[in-house]
Amino acid sequence: MNIAFRADGSASMGLGHLMRCHAIAQAAHGLDDHTLLITLPGNPAVEKRFRKEGAAINLLTQEPGSIADARQTAMFATDFGADWIVLDGYHFTTEFRKHIGTHGFRLLSIDDLGDANGSHMVLNQNTYAEPSLYPTYPASRLLLGPQYALLRREFQSAAKERRAISPYAQRILISLGGSDPENVTTRIVRCLEPAAQTGSDIVVVLGASNVHRQAVEEAAAIGKGTVRIRTDVPDMAALMTWADLAVTAGGTTCYELLSTGLPAIAFITADNQERNVQALAQAGAIVNAGRPSAVSDTAVRSLLQRVRSDRPLRMSLREKGQGMVDGQGCSRVLLAMQHAAHESNE
């Protein structure tokens, strides 16, 4: 198959849409499929990741989400010989999708909000996803739930390992997404600093679009604990395997954590994360820390300490998480795309 991806990322938007597409592109490369990323300029680190998987890159020059964007996307996809166009982004409207459809492409929309009308196939990997979100989509095939979680290949082997749960969580991983516009990372480092002085080992992962590195470094340098800062990490699964506990945002990273069985505390750092975090917490797969603006530093420190010292809770989080996500989501998506293409050609 030839698959064209249309997604964007920025400091305000984050990189989640791009990274979900990257996961599919990576799996497609393993099957000798051909891929193209169509995106706005400004994310060279992400472009490098796509190129590593054999993807071509076309940079958009039109207003994102506009009909001019749809025309340029269709032009790039036509020149590429695309069988499918995969859309991931909240700025793609029904009008945009219908315009893409007039060019004869099969369209897969990666969705979180129940807004993907005009698509041949809809993928919603979230725990709360169910057919009732798409009541008017009779012509669309629905791929719903964490079995379709879009995880990179590094998580496939990690998902098969059974994690040991320590009596006390000493190794802490902090990963608040590709951009972390509210700089929650610095706040978590400060809240963990008293604990860092007691022998904890803390690793902070900053995404390629994070502009707060200096503030994080200053917070890490204040105390005497071990705080290491990593940027644009190529193998997150290894870090998740190393850690005893993660502090994260409520996006795709949650499903990466679940696949590795790493107990996690998740903050709601964007409106579109709220349903996801609440559903995962209700399922007993993560701990919901709420919105950063709604909780005090004292409450954050208390929550961190409670989860770190509660081994039975962390064992339960491990079991629930790995029971939900097995790391094979991209393979299932590509198989569904292959079947749909075969059926339409019969």
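The values are calculated or read from the model by the stated rules, or taken from the named source; none is laboratory data. Just so we're clear, the structure is a prediction, and the values are computed from it rather than from any experiment. Using ideal geometry, Cβ is built from the backbone for each residue, glycine included, and neighbour counts are taken over all protein chains shown.
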Cβ pairs under 8 Å, 6+ apart, first in the stretch 24-38 and assigned to a loop (DSSP other than H, G, I, E, B), second polar (S, T, N, Q) and at pLDDT 95 or above:
ASP33/ASN2
Boolean, SER296 is within 22 Å of PRO167 (Cα to Cα) and either without any contact (Cβ under 8 Å) to a residue 12 or more places away in the chain or of a type in the set (D, E, K, R) (or both)
no
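Just to check your reading of the model, which residue among SER132, SER140, SER175 is closer than 30 Å to LEU192 by Cα and at pLDDT below 95?
Of the residues listed, the single one that is closer than 30 Å to LEU192 by Cα and at pLDDT below 95 is SER175.
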Within the stretch 245-277, count every residue that is over 22 Å from CYS21 (Cβ atoms) and either modelled with pLDDT under 95 or of a type outside the set (Phe, Trp, Tyr) (or both).
12
Residue pairs within 9 Å by beta carbon, gap of at least six or interchain, first lying in the stretch 54-72 and assigned by TED's automatic domain parsing to the domain that holds HIS29, second of a type in the set (Ser, Thr, Tyr) and part of a helix (DSSP H, G or I), listed first then second, are ASN58/THR73; LEU60/THR73; GLN62/THR73
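Yes/no matrix, rows are residues, columns are (1) at pLDDT 95 or above; (2) touching a Lys or Arg at 6+ places or on another chain (Cβ under 7 Å); (3) over 17 Å from ILE100 (Cα atoms):
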{"position": "ASN2", "(1), (2), (3)": "yes, no, no"}
{"position": "GLY14", "(1), (2), (3)": "no, no, yes"}
{"position": "MET19", "(1), (2), (3)": "no, no, yes"}
{"position": "ILE24", "(1), (2), (3)": "yes, no, yes"}
{"position": "ARG49", "(1), (2), (3)": "no, no, yes"}
{"position": "LEU59", "(1), (2), (3)": "yes, no, yes"}
{"position": "GLU63", "(1), (2), (3)": "yes, no, no"}
Note on the stretch 65-88: residues under 22 Å from the mean Cα position of the chain (by Cα) and surrounded by fewer than 18 Cβ atoms within 10 Å (Cβ to Cβ) are GLY65
Could you pull out the residue among GLY284, GLY250 that is on the phi > 0 side of the Ramachandran plot and either touching a strand residue (DSSP E or B) at 6+ places or on another chain (Cβ under 7 Å) or surrounded by fewer than 17 Cβ atoms within 10 Å (Cβ to Cβ) (or both)?
GLY284
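Residue by residue, here is whether (1) at pLDDT below 95; (2) aliphatic (A, V, I, L, M); (3) within 19 Å of the chain's Cα centre (by Cα) holds:
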{"residue": "GLN305", "(1), (2), (3)": "yes, no, no"}
{"residue": "ARG308", "(1), (2), (3)": "no, no, no"}
{"residue": "SER316", "(1), (2), (3)": "no, no, no"}
{"residue": "GLY321", "(1), (2), (3)": "yes, no, yes"}
{"residue": "MET324", "(1), (2), (3)": "yes, yes, yes"}
{"residue": "VAL333", "(1), (2), (3)": "no, yes, yes"}
{"residue": "GLN338", "(1), (2), (3)": "yes, no, no"}
{"residue": "ALA341", "(1), (2), (3)": "yes, yes, no"}
Criterion: assigned to a helix (DSSP H, G or I) and in contact (Cβ under 8 Å) with a residue 60 or more places away in the chain - qualifying residue of LEU262, LEU239:
LEU239
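Counting only residues that are under 16 Å from the mean Cα position of the chain (by Cα), outside any strand (DSSP E or B) and of a type in the set (A, V, I, L, M, F, W, C), how many does the stretch 89-118 have? Working first, answer last.
In the first step, residues of the stretch 89-118 are kept if they are under 16 Å from the mean Cα position of the chain (by Cα); the result is 89-90, 109-113.
Filter once more, so that each one left must be outside any strand (DSSP E or B): 89-90, 111-113.
When the remaining residues are screened for being of a type in the set (A, V, I, L, M, F, W, C), the result is 113.
Result for the stretch 89-118: 1.
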Counting just the residues of the stretch 185-244 that are surrounded by 15 or more Cβ atoms within 10 Å (Cβ to Cβ) and among the acidic types (Asp, Glu), which one comes out modelled with the highest pLDDT?
ASP244
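Look at the stretch 7-42 and say how many of its residues are crowded, with 16+ Cβ neighbours inside 10 Å and under 16 Å from the mean Cα position of the chain (by Cα). Full working, then the answer.
Our first condition is that a residue be crowded, with 16+ Cβ neighbours inside 10 Å; within the stretch 7-42, this holds for 7-11, 13-29, 33-40.
The next check asks that each one be under 16 Å from the mean Cα position of the chain (by Cα); those that pass are 7-11, 13-27.
Qualifying residue count, the stretch 7-42: 20.
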Number of positions in the stretch 299-336 that are in contact (Cβ under 8 Å) with a residue 60 or more places away in the chain and either on the phi > 0 side of the Ramachandran plot or polar (S, T, N, Q) (or both)
6
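So, in the stretch 125-141, how many residues would count as being surrounded by 20 or more Cβ atoms within 10 Å (Cβ to Cβ) and either assigned to a strand (DSSP E or B) or touching a residue at least 40 places away in the same chain (Cβ under 8 Å) (or both)?
Within the stretch 125-141, residues that are surrounded by 20 or more Cβ atoms within 10 Å (Cβ to Cβ) and either assigned to a strand (DSSP E or B) or touching a residue at least 40 places away in the same chain (Cβ under 8 Å) (or both) number 3.
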